[in-house]
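J.: Quick one: the structure is below, and I'll ask about it shortly.
The values are calculated or read from the model by the stated rules, or taken from the named source; none is laboratory data. Everything numeric here is computed off the predicted structure, so don't read it as measured data. FYI the Cβ positions are ideal-geometry reconstructions off the backbone, even for glycines, and counts take in every protein chain you see. The area values use the complete protein model at the heavy-atom level, side chains included, leaving out ligands, DNA and RNA. Shrake-Rupley method; radii C 1.70, N 1.55, O 1.52, S 1.80 Å.
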Amino acid sequence: MEPRHRFLRACLGLETDRTPIWIMRQAGRYLPEYMETRRQAGDFLALCKNPELAARVTLQPIERFGLDAAILFSDILVIPEAMGMPLRFGVGEGPILDPPVRSAQDIANLRGNPEERLEYVYNAIRLIREGLGETTPLIGFSGSPWTLATYMVEGGSSKHFSRIKGMLYDRPDLLQDLLDRLAEAVTGYLNAQIRHGVQAVQIFDTWGGILGHDVFLQFSLESMKKIVKGLDRVGPDGQRVPVILFAKGCGTHLESMIATGCDVVGLDWTTPIDAARRQAGGRVALQGNMDPAVLQASPGRIRQEAEKVLRAYGPHSGHVFNLGHGVTPDCTPESVAALVEAVQGFDRGSLIP
Ligand code: CP3
């Protein structure tokens, strides 16, 4: 059964009436209505854990901009928390996981099957699907095992990733044990999201790009491949559930990412999308890849840059427009509106010579 919605169709490489657009971090601090709902919830983590409010902020950018897909409002770090790690978001500090996971004992102490303790996420999914109706599909997500492991071993965000890289080179056996546990957890978690109604899933490998070529393949890609193989690719409605792999800074690994069996590869803005499309040759769809910083420019410039990406991809099927990474809190809703209008109003007829 072929999906009707243009986002799901584009993910599967099928023809669409126009290029669909959604934006990573589309629900967030650049929206005054998000700030208001977060205030109501108390803080960011309380917002993630309140299904009604999480559903509300998921819908906010859809209502304001008419984007072609919604993404579940949550965070990748709910998995380490559900494995037993105390998590907090310090004001202006980013996430803190304290105490971090560093020893064989720390890893052995992590609780298995964290997906069983994430009921609040599934409740949010149910409410979001009710709110969206049949017009806009919902994307679920998880962090990749490698990216989750960086936060768990470093104890939060990191500049140099010294702890986890030290572990990688000195105790690859320990790191592998952690990654194996995470791959199992992420597979179970994404399958639970699919059972509860998400219509596509994205795996965020935000920190894959800090690894050298060989170690990326061994410590990041392998575990993502295991997850892709373990996912239920058909939802409860009988529709195929596309899998999007977004690994930031990993344009040079395109061939290996395609080999995981995913449906869509997300590109950051450092990769030329025309060359990537030729290389992919229809084996996967591509998502991306405008530099998020373009949103700092005027509406006219935003339009030009968006059209540049659309022209670079060309008249082919299998393109989902997105930024190359998340929208930053310092941009304005007007800039995002200009981007969405540029993409949704683009005349594809102008691409055919
Ligand atoms: O895209 C969406 O709209 C869905 C929501 C979403 C959030 N986090 C909300 C969020 C998604 C998909 C994520 C994923 C996530 N979380 C990633 C991978 C994506 C990426 O950006 O590469 C990572 C690395 C995290 C971990 C995380 N969460 C960090 C490092 C931070 C702090 C950094 C920052 O931007 O302040 C967060 C907090 C966070 N997650 C916020 C939001 C809206 C800001 C929290 C707030 O409201 O104060």
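J.: Just to confirm a number: summing +1 for Lys and Arg and -1 for Asp and Glu over residues other than Asp347 whose beta-carbon lies under 14 angstrom from that of Asp347, what do you get?
T.: Every neighbour counted, the sum reads +1.
J.: Obtain the nm distance between the two label points defined at Glu119 and Arg39 by a simple spin-label model: each point lies 7 Å from its Cα along the Cα-to-C-beta direction.
T.: 3.2
J.: Please grab the % of Cα pairs in the stretch 15-351 that end up more than 37 Å from each other.
T.: 13
J.: Sticking with this one: Can you work out the FRET efficiency for the pair Gln344 and Asp274, with r the C-beta to C-beta distance and R0 = 25 Å, to the nearest 0.05?
T.: Using R0 = 25 Å, I get an efficiency of 0.70.
J.: If packing is taken as the mean number of other Cβ atoms within 10 Å per residue, what is the order of 263-269, 123-129, 34-40, highest first?
T.: In descending order of packing, they fall as 263-269, 123-129, 34-40.
J.: Using 0.36 nm per residue of separation minus the Cα-Cα distance, give me the extension gain between Asp180 and Ser317 in nm, one decimal.
T.: 45.8 nm
J.: Pop out the ³J(HN,Hα) list for the stretch 103-119 in order, Karplus 6.51 cos²θ - 1.76 cosθ + 1.60 with θ = phi - 60°, rounded to Hz; leave Gly and Pro as x.
T.: Result, rounded to whole Hz: 10, 4, 5, 4, 5, 5, 6, 5, 7, x, 6, x, 4, 6, 9, 10, 4.
J.: If you plug each phi of the stretch 214-226 into the Karplus form 6.51 cos²θ - 1.76 cosθ + 1.60 with θ = phi - 60°, what whole-Hz ³J(HN,Hα) values come out, in order, with x for Gly and Pro?
T.: Couplings: 5, 6, 4, 4, 6, 9, 10, 4, 4, 6, 5, 4, 4 Hz.
J.: Another question, then. Keeping the other protein chains in place, figure out the carbon and sulfur percent of the accessible area of the stretch 15-351, with a 1.4 Å probe.
T.: 49
J.: Would you please put 301-310, 189-198, 19-28 in order of how densely packed they are, using the mean number of other Cβ atoms within 10 angstrom per residue and starting with the highest?
T.: The packing order, highest mean first, is 19-28, 189-198, 301-310.
J.: How do 159-169, 133-143 rank on mean C-beta neighbours within 10 Å, highest first?
T.: So the order, starting with the most tightly packed, is 133-143, 159-169.
J.: Can you tell me the relative contact order of the chain? Whole percent, Cα pairs under 8 Å, sequence separation 6 or more.
T.: Reported as a whole number, the value is 21 percent.
J.: Collect residues whose amide H, placed 1.01 Å from N in the peptide plane, falls under 5 Å from the amide H of Phe141; neighbours closer than 5 in sequence don't count.
T.: It is Gln202, by chain and number.
J.: On to the next question. Is the shape of the stretch 170-273 best called rounded, prolate or oblate, per the rule: a/c under 1.5 gives rounded, else a/b larger than b/c gives prolate, else oblate, with a ≥ b ≥ c the square roots of the Cα gyration tensor eigenvalues?
T.: Oblate shape, in that a/c is at least 1.5 and b/c is the bigger or equal ratio.
J.: Tell me, what is the per residue accessible area of the chain in Å², probe radius 1.4 Å?
T.: Heavy-atom SASA per residue in the chain reads 40 Å².
J.: Additional query: Which value at 222 nm does the chain reach when only helices count, each DSSP H run of 4 or more adding -39,500 (n - 2.57), with the total divided by all residues and rounded to the nearest 500 deg cm²/dmol?
T.: Counting only the DSSP helices, I get -13000 deg cm²/dmol.
J.: Something else: How charged is the neighbourhood of Leu127? Take every other residue with its Cβ under 9 Å from the Cβ of Leu127, and add Lys/Arg as +1 and Asp/Glu as -1.
T.: With Lys, Arg at +1 and Asp, Glu at -1, the neighbours total +1.
J.: Magnitude of the Cβ-charge dipole of the chain, K/R +1 and D/E -1, about the Cα centre, nearest 20 debye?
T.: Result for the chain is approximately 300 debye, rounded to the nearest 20.
J.: Moving to a separate point now. Could you give P(r) for the stretch 278-340, binned at 5 Å from zero, as whole percent values over all Cα-Cα pairs?
T.: 4, 18, 29, 22, 13, 9, 5, 1
J.: Still on this model: Give a residue-ordered list of calculated ³J(HN,Hα) values for the stretch 140-150 (Karplus: 6.51 cos²θ - 1.76 cosθ + 1.60, θ = phi - 60°; whole Hz; x for Gly, Pro).
T.: x, 7, 8, x, 6, x, 4, 5, 4, 4, 4
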